[in-house]
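Report on the structure given below.
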Amino acid sequence: MSELPKLSTRSLAPPALGARPSRGETEQAVRTLLLWAGDDPTREGLRETPARVARAFEDWFAGYAMDPEEYLSRTFEEVEGYDDMVVLRDIRFESHCEHHLAPIIGRVHVGYLPTNRVVGISKLARVVEAYAKRLQVQEKMNAQIARCIQKVLEPKGVAVVIQAEHQCMTTRGVHKPGVSMVTSTMLGDFRKNPLTRREFLSVIGNPASSAGD
């Protein structure tokens, strides 16, 4: 497994490309796409579609306004010296491919080896959501989640595995439904210790059994 490049884990505002388009401009852009697709945006069934799409974008891409590091800022130290693996499995997520805007739907498995503090498990799910609700590629999202947890909690190790179906591949192009992509990021003891890595993969059901071998 090659060493990953350093990635920023801060909440990212959209790049400075000028003023953000108004709601009216956004809805007009949707009407243009409907025309380009070959339909009539003024007909009854599509009349409200531009406004609905704008509202959907606010939900789908809410992650740009979220700070994943902030979610991990509150920790708990009264854990009676617990320093074994903490794993949260099957965190369902929905994201969108930055190449085609097509949905990416799957599950994230997160594990870490705490030093002297732990975080509420819902916060791990919120970190996943903050990165998923942005335009993404799976490999980048995988690394961002792991780097964020490592940076804020400073555990002995972090492991993140993502298994997802990409609809840019299942509904267009090669049209291969049922195909899932598996990526993994292993940091610290999960990267250095094969036994720790195998234990984590066993706990999550081994979707990436060869990821670190």
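Computed values, structure above
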quantity	calculated
Failed item, numbered, when Ala146 is tested on (1) of a type in the set (A, V, I, L, M); (2) more than 15 Å from Val87 (Cα to Cα); (3) not in a loop (DSSP other than H, G, I, E, B)	(2)
Residue count, segment 156-183 (criterion: touching a residue at least 60 places away in the same chain (Cβ under 8 Å) and among the polar types (S, T, N, Q))	3
Selection from segment 65-100 of residues that are without any contact (Cβ under 8 Å) to a residue 60 or more places away in the chain and over 15 Å from the mean Cα position of the chain (by Cα)	Glu70, Arg74, Phe76, Glu77, Glu78, Val79, Glu80, Gly81, Tyr82, Asp84, Val86
Candidates Thr49, Thr42, Thr9, Thr75 - the one that is of a type in the set (Ser, Thr, Tyr), at pLDDT 95 or above and either under 25 Å from Asp189 (Cβ atoms) or surrounded by 12 or more Cβ atoms within 10 Å (Cβ to Cβ) (or both)	Thr49
Phe57, sole failed condition from (1) touching a Lys or Arg at 6+ places or on another chain (Cβ under 7 Å); (2) at pLDDT 95 or above; (3) among the aromatic types (Phe, Trp, Tyr)	(1)
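Conditions (1) out of contact with any strand residue (DSSP E or B) (no Cβ under 9 Å at 6 or more places or on another chain); (2) assigned to a helix (DSSP H, G or I); (3) buried (at least 16 other Cβ atoms within 10 Å of the Cβ), marked per residue:
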{"site": "Asn142", "(1), (2), (3)": "no, yes, yes"}
{"site": "Gln150", "(1), (2), (3)": "no, yes, yes"}
{"site": "Val161", "(1), (2), (3)": "no, no, yes"}
{"site": "Met169", "(1), (2), (3)": "no, yes, yes"}
{"site": "Gly173", "(1), (2), (3)": "yes, no, no"}
{"site": "Lys176", "(1), (2), (3)": "yes, no, no"}
{"site": "Leu195", "(1), (2), (3)": "yes, yes, no"}
{"site": "Asn206", "(1), (2), (3)": "yes, no, no"}
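The values are calculated or read from the model by the stated rules, or taken from the named source; none is laboratory data. The structure displayed is predicted, hence computed values, not measured ones. All Cβ positions, glycine included, derive from the backbone under ideal geometry; neighbour counts span all protein chains shown.
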